[in-house]
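Visitor: Questions regarding the structure given below will be posed in turn.
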Amino acid sequence: MVEPVLRLDGLRKRFGGLTVTDAVSLAVAPGEIHAVIGPNGAGKTTLIHQVSGTLRPDAGRVLFAGQDVTGLPLARRARLGLARSFQITSVLPGFSALENVALAVQGRSGSSFRFLRPAAAEAMLNEAAMAALAQTGLAGRAAVPAAALSHGERRQLELAIALAMQPRLLLLDEPLAGTGPEEAERLVALLQGLRGRYAILLVEHDMAAVFALADRVSVLVQGRLLASGAPAAIRADPAVRVAYLGEDEAA
Amino acid sequence: MPASRRAATLPLLLFALLAAAPFLGLGEGWMMTLLARGMILGLAALSLWLVVGGAGLVSLGHAAMLGIGAYAVVALDEARITEALVVAPAAIGAAALFALLTGAVALRTAGVPFIMITLAFGQMAFFTAASLAFYGGDDGYTLYARSTLAGGRWLENRLGFHYLCLALLAGAFLFCHLLLASRFGRVLRAARENPLRVQAVGFSPYPYRLLAYGIAGGMAGLAGFLLANATEFVAPSFLAWQRSGELLFMVILGGLGSPFGAVLGALALLLLEEGLGHLTPHWRLLLGPLLVLAVLFLRGGLVGLPAQLAGTRRHG
């Protein structure tokens, strides 16, 4: 078996008396799109925080790129190649789209303790940033301040920032949140284009998108993994239907 | 780029005006003293701008750096060391070191806690200065003489001192511009806008902020060196929190969006105080409301005024 890019090993997180993550173990193989679904309050966001490094688990380990990163903060994990996007769009509103992405390129290319040369004039940073923008369909909007982009475009920009990091794993927290049907369609097509090239851990509410994209689906209910498997198997799993997918999906 | 050229026009104009001032009928002693003071406080405000406008951290203890620079001059003067090539680096170094040490603690926080911690460190420095009996304690310390430069008494000369202040102010201004546009400055600006985003692409904001704070401290130390030489007298009041507040006000009055705002704010506040002081002995009664109006109506500060006027004309 191929060495997974990401492995969660018995993760547990408790807030007071409430166990939000309960013995969660899963693995993401290189090039695989692994979706985590679950009803509201299932602990998806808490899980994401533990994977990205903004929350520390009470027990268990996070193994990333062959290394135990359980104790490493967000920035260190990012430098190892873990790129996350945020459920609530998180870009630099005062920066142009290009500069938003160029910052991500800067993060993986050399020291940023350089003081006198204008960063905006560094061709290497700009070219890599333009490539990432082109990949997400934003090449024409490079000079626009992020604050002036539409919501859908800002979601694309988040993706461009993540891609510019040349990550080993994309951790996408509800990339379709708040988008209209057309924007969602464009983003799904975009993610389809990434298939096989990146390992992706995807948390998403839009079931159509999940079943169109995922190679593997894990179902999280009350902090616990209820099932994990191929999309078809998950769709057919009676326990999953009862716990989560509900009547409309079952019909 | 025309936009950046336009942005450079006003600073160039102001620096040219300051350079020409002694020959434009402003060469009288009291006016030269006032202008030198304006440029020195401009330098101090510029260094504070690096923290507030550049890094997005509001400090209320910046006068401590200025005062430590000034007290470095005092300490060396007491030891009969007056060579500026020694004294100025010592002032810069002492203030930068204080900034790095206190910043290492203060930068663990942000927002209101950061304001309170910088204020607390500033007050510690103030009371320390006031208790230094061998440097005059509360009464302050009168320098034996201004610093010499490469052995010559250049700083005694009004014109020489004027141009030294101007050169250092212009140099620091250019440095701030380059710094903010560099890779380092980009991380700093990004961390001001959204620290989480910056961490998510692999940067921890802390070392960048700490270094910026240290650089700002060094610049303020340089301003302290100049201030001590301008007044030939140093007192604990240099470090008082009221002075920190005044510097902060200069930065806000000028506009947080550009380092030029700090320079403009310092000169404007000083000239306004002076002008009102000539009108009436109760000038503070006029200054207060004027400053309130400025904050209410000058959204981008003084540097934003041209754009704001253009905007009103277009809409009105």
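Visitor: Of the residues that make up region B:154-171, is at least one within 14 Å of another protein chain (Cβ to nearest Cβ), surrounded by fewer than 19 Cβ atoms within 10 Å (Cβ to Cβ) and out of contact with any Cys (no Cβ under 7 Å at 6 or more places or on another chain)? Break it down into steps so the answer makes sense when it comes.
Guide: Applying the first criterion (within 14 Å of another protein chain (Cβ to nearest Cβ)) to region B:154-171 yields B:171.
Narrowing the set further to residues that are surrounded by fewer than 19 Cβ atoms within 10 Å (Cβ to Cβ) leaves B:171.
This time we only want the ones that are out of contact with any Cys (no Cβ under 7 Å at 6 or more places or on another chain), so: B:171.
Yes; the residues of region B:154-171 include at least one that is within 14 Å of another protein chain (Cβ to nearest Cβ), surrounded by fewer than 19 Cβ atoms within 10 Å (Cβ to Cβ) and out of contact with any Cys (no Cβ under 7 Å at 6 or more places or on another chain).
Visitor: In region A:61-179, which helices (runs of 4 or more DSSP H) lie fully inside it and hold 1 or more residues that are within 9 Å of another protein chain (Cβ to nearest Cβ) and in contact (Cβ under 8 Å) with a residue 60 or more places away in the chain?
Guide: A:74-80, A:97-108, A:151-164
Visitor: Considering only region B:241-259, how many residues are of a type in the set (Gly, Ala, Ser) and either at pLDDT 95 or above or within 13 Å of the chain's Cα centre (by Cα) (or both)?
Guide: Going through region B:241-259 one residue at a time, the tally reaches 3.
Visitor: In this structure, is residue B:245 under 18 Å from residue B:52 (Cβ atoms) and either of a type outside the set (A, V, I, L, M) or in a helix (DSSP H, G or I) (or both)?
Guide: The answer is yes for residue B:245.
A quick yes/no check of all residues on (1) in contact (Cβ under 8 Å) with a residue 40 or more places away in the chain; (2) part of a helix (DSSP H, G or I); (3) over 24 Å from the mean Cα position of the chain (by Cα); (4) under 22 Å from residue A:110 (Cβ atoms):
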position	(1), (2), (3), (4)
B:171	no, yes, no, no
B:178	no, yes, no, yes
B:184	no, yes, no, yes
B:187	no, yes, no, yes
B:190	no, yes, no, yes
B:198	no, yes, yes, yes
B:203	no, no, yes, yes
B:206	yes, yes, no, yes
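Visitor: If you don't mind, there's one more thing I want to ask. Touching a helix residue (DSSP H, G or I) at 6+ places or on another chain (Cβ under 6 Å) and of a type in the set (A, V, I, L, M): is that true of residue B:286 in this structure?
Guide: Yes.
Visitor: Does region A:120-133 hold any residues that are within 22 Å of residue B:54 (Cβ to Cβ) and surrounded by 22 or more Cβ atoms within 10 Å (Cβ to Cβ), and which are they?
Guide: Once the filter is applied, which keeps residues that are within 22 Å of residue B:54 (Cβ to Cβ) and surrounded by 22 or more Cβ atoms within 10 Å (Cβ to Cβ), region A:120-133 yields only A:125.
Visitor: So, of the residues in region A:46-65 that are polar (S, T, N, Q) and crowded, with 18+ Cβ neighbours inside 10 Å, which turns out to be farthest from residue A:17 (Cα to Cα)? Please lay out each step first, then the result.
Guide: Restricting attention to region A:46-65, the residues satisfying the condition of being polar (S, T, N, Q) are A:46, A:50, A:52, A:54.
Now drop any that are not crowded, with 18+ Cβ neighbours inside 10 Å, which leaves A:46, A:50, A:52.
On the way: A:46: 15, A:50: 19, A:52: 24 Å.
For region A:46-65, the residue satisfying everything is A:52.
Visitor: On to the next question. Hey, can you tell me all the residues within region B:95-125 that are part of a helix (DSSP H, G or I), surrounded by fewer than 18 Cβ atoms within 10 Å (Cβ to Cβ) and of a type outside the set (S, T, N, Q)? Before the answer, list the steps.
Guide: Initially, region B:95-125 is screened for residues part of a helix (DSSP H, G or I), giving B:95-106, B:111-125.
Okay, now just the ones that are also surrounded by fewer than 18 Cβ atoms within 10 Å (Cβ to Cβ), so B:97, B:100-101, B:104-105, B:111-113, B:116, B:120, B:123-124.
Of everything in region B:95-125, those that are part of a helix (DSSP H, G or I), surrounded by fewer than 18 Cβ atoms within 10 Å (Cβ to Cβ) and of a type outside the set (S, T, N, Q) turn out to be B:97, B:100, B:101, B:104, B:105, B:111, B:112, B:113, B:116, B:120, B:124.
The values are calculated or read from the model by the stated rules, or taken from the named source; none is laboratory data. These numbers were taken from a predicted model, which means no experiment stands behind them. Reconstructed Cβ throughout: ideal geometry from the backbone, glycine too, with neighbour counts over all protein chains shown.
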